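To start, the structure under review is shown below, and the notes come after it.
Derivation of every value follows stated rules applied to the coordinates shown; laboratory data play no part. Computed from a prediction, not measured in an experiment: that's the story for all the values here. Neighbour counts are summed over all protein chains in view; Cβ atoms, including those assigned to glycine, are modelled from backbone coordinates with ideal geometry.
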Amino acid sequence: MTSRAAANRYARALFDVALKESDVEQAGRDFGAFAQLIAGHELLPKILANPAIPAPKKKAIVEQLIALAGSLSPVVAKLLVLLADRDRLVLVPEIAAAYQQRLMDHAKVVRAEIVTAVGLPGDRVAALQQGLANATGRQVQLESRVDPSIIGGAIARVGSTVYDGSVTRQLEKMKETLTAGS
């Protein structure tokens, strides 16, 4: 099983348990904060990922970190101890990302990006955000980016779907049509 698949399974399990027993958003905040704690330390990620260090020692480190954190939700604490027992702490950053995605899916929120050749005024970005929300039936978190290389038009990415209405793409299509005809 790949690390991404394993991380998705742990994230799904955490989400399901948090949905039944506690607050899913609090569990996400707690798990994300723990992941940031690990990432923010210079040696901690190396220690927790090192296969030469036995799992019981890693478990003791995690238990100490949980005790220091204090207000960590019980479902998150249990998962972290389980990950330490199974020597899977290397998955913590991927689990945090997968959990956030699951949380967004649960809240019917989708991330989108709009790329234009020039900056758009706020009202245009809001109109595009509303249009994407209508098209997807979900709330849209829209990020706007400028890329002069597309010449004109726009490229919208909603989840894994790309809507390319750039002038560059239109020119590429024209070139393909013209070269196919010869």
Q | Relative contact order, percent, the chain [alpha-carbon distance under 8 Å, six or more residues apart] | A | 21
Q: Could you pull out every residue, at least 5 positions away or on a different chain, whose amide H is within less than 5 Å of the one on residue 154? Hs are placed 1.01 Å off N in the peptide plane, and Pro or chain starts have none.
A: 165, 166, 167
Q. Of the cross-linked pairs 20/108; 57/78; 20/46; 58/78, which ones have a Cα-Cα span greater than 22 Å in the structure shown?
A. 20/46
Q: Convert each backbone phi in region 10-19 into a coupling constant with the Karplus relation 6.51 cos²θ - 1.76 cosθ + 1.60 (shift: θ = phi - 60°), then list the ³J(HN,Hα) values in order as whole Hz, x for Gly and Pro.
A: 5, 5, 5, 5, 4, 4, 4, 5, 5, 5
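Do you know the relative contact order of region 3-105, to the nearest whole percent, from alpha carbon pairs under 8 angstrom that are 6+ apart?
50 percent.
I need the per residue convex hull volume for the chain, using only the alpha carbons, in cubic angstrom as a whole number.
Enclosed volume per residue, from the Cα hull, is 190 Å³.
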Q) Looking at region 108-181, what % of the alpha carbon pairs are farther apart than 19 Å? A) 40
Q: Per DSSP H run of n ≥ 4, the term is -39500 (n - 2.57); total these for the chain, divide by its residue number, and report the mean residue ellipticity at 222 nm rounded to 500 deg cm²/dmol.
A: -20500 deg cm²/dmol
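Lys and Arg at +1, Asp and Glu at -1: add these up for the other residues within a Cβ distance under 14 Å of residue 157 and post the number.
-1
Pull out the extension gain between residue 151 and residue 2, defined as 0.36 nm times the separation in residues minus the alpha carbon to alpha carbon distance; nm, one decimal.
Computed gain between residue 151 and residue 2 is 49.7 nm.
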Q | Between region 45-96 and region 134-154, the alpha-carbon center distance in angstrom | A | 38
Q: Determine the dipole magnitude for the chain: charges of +1 sit on the beta-carbon of Lys and Arg, -1 on that of Asp and Glu, nothing else is charged, the reference point is the Cα centre, and the result goes in debye to the nearest 20.
A: 360
Q. Taking the simple approach of a point 7 Å from Cα along Cα-to-Cβ for both residue 178 and residue 81, what is their distance in nm?
A. 6.9
Q. Within region 7-69, which GluC sites (Glu not before Pro) sit in a loop by DSSP and count at most 12 neighbouring Cβ atoms inside 10 Å?
A. 42
